[in-house]
1. What FRET efficiency comes out for Q91 versus I46 if R0 is 35 angstrom and r is the Cβ-Cβ distance? Round to the nearest 0.05.
2. Mind giving me the nanometre distance, one decimal, between the label points for N215 and D13, set 7 Å out from Cα along Cα→Cβ?
3. Top mean-square fluctuation among P225, P126, P61, Gaussian network model of the chain, C-alpha springs under 10 Å?
4. Rounded to the nearest 20 debye, what is the charge dipole size of the chain about its Cα centre when +1 sits on each Lys and Arg Cβ and -1 on each Asp and Glu Cβ?
5. Quick one: among F29, F41, F113, which has the greatest mean-square fluctuation in a GNM of the chain with alpha-carbon springs under 10 angstrom?
6. Roughly how many Å² of H40 are accessible to a 1.4 Å probe, to the nearest 10?
7. Keeping every protein chain in place, order R167, R188, R69 by accessible area at 1.4 Å, biggest value first, i.e. largest first.
8. Could you tell me which of the pairs K103/K192; K7/K67; K203/K231; K163/K223; K204/K231; K7/K27 are separated by over 21 angstrom between their Cα atoms in the structure shown?
Amino acid sequence: MKEQWLKPGERLDDLQCQGFHLIQDPKSFCFGMDAVLISHFAEIRIGDQVMDLGTGNGVIPILLAGKKRKGQFTAIEIQEEASERARRNVQMNGLEDRIKVLKEDIKSIAPLFPPSSFDVVVSNPPYLAADGLKNPRQDKAIARHEVMMTLWDLMVQTAYLLKPGGRFYLVHRPDRLVDMMTLSRQNRLEAKWMQMVHPRQDKKPNLVLVQFVKNARPELKLKKPLFVYDKEGNYTPELLECYQS
């Protein structure tokens, strides 16, 4: 029974992927659609070494392990409770042989890994600047605001970890797109594919998915926009595919 893995106040959510479940604390930061979208967007190949920076409760590597059925994963999380929950999620789903969770600050991981150690880096980082209005709960503030990890930190560490030609998959807000492109190029990460995510066809995008490649030549290609809801308010077939595949 997977319920035995729960601590007081936690809940068990069905990921609808290979029978995997996820332990979450409703009072803390819970994963959203952006984690599902990046797990669908990312390309994982046989033999890939994959790093998830800021893994939270471990949802992205667990989804990737289930959806892609390829790769070996390392997941970094700075918060003690979140990293402990991520380790329990990995163990509960029987993925200890494929996913390793470390409690570390991404700005201090260079001694742990030699440069160019990974084929793929993925991240669903904090979207909001540190100087904005923050959630009074420290764990939610760290997950949503650039308190412990800025976009610059993310680009620097990704460039260090990736092999030449390695791929970086990022989900973020469109209003940070100029920052993403500027900081990535300063760190030899070239944007190659981009997809905008819109709530509806008549709404502006609220998420953007980007693939960067280390040391690549400039050439950005656009995937067709992804719309979450149709005119009747139902999930579009394209969105359902992200959950089902």
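The values are calculated or read from the model by the stated rules, or taken from the named source; none is laboratory data. Bear in mind that the values here come from a model prediction, so they are computed numbers and not experimental data. Every residue, glycine among them, receives a Cβ derived from its backbone with ideal geometry; neighbour counts consider all protein chains shown. The accessibility values were calculated without ligands, DNA or RNA, using every heavy atom of the protein model including side chains. Shrake-Rupley method; radii C 1.70, N 1.55, O 1.52, S 1.80 Å.
1. For Q91 and I46, the calculated efficiency is 0.90.
2. 3.9
3. Result for the chain, Cα springs under 10 Å: P225 fluctuates most.
4. Taking the Cα centre of the chain as origin, the dipole is about 520 debye.
5. Of F29, F41, F113, the Gaussian network model singles out F113 as fluctuating most.
6. Surface accessible to solvent at H40 totals approximately 60 Å².
7. In descending accessible area the options line up as R69, R188, R167.
8. Over 21 Å Cα-Cα: K103/K192; K7/K67; K163/K223.
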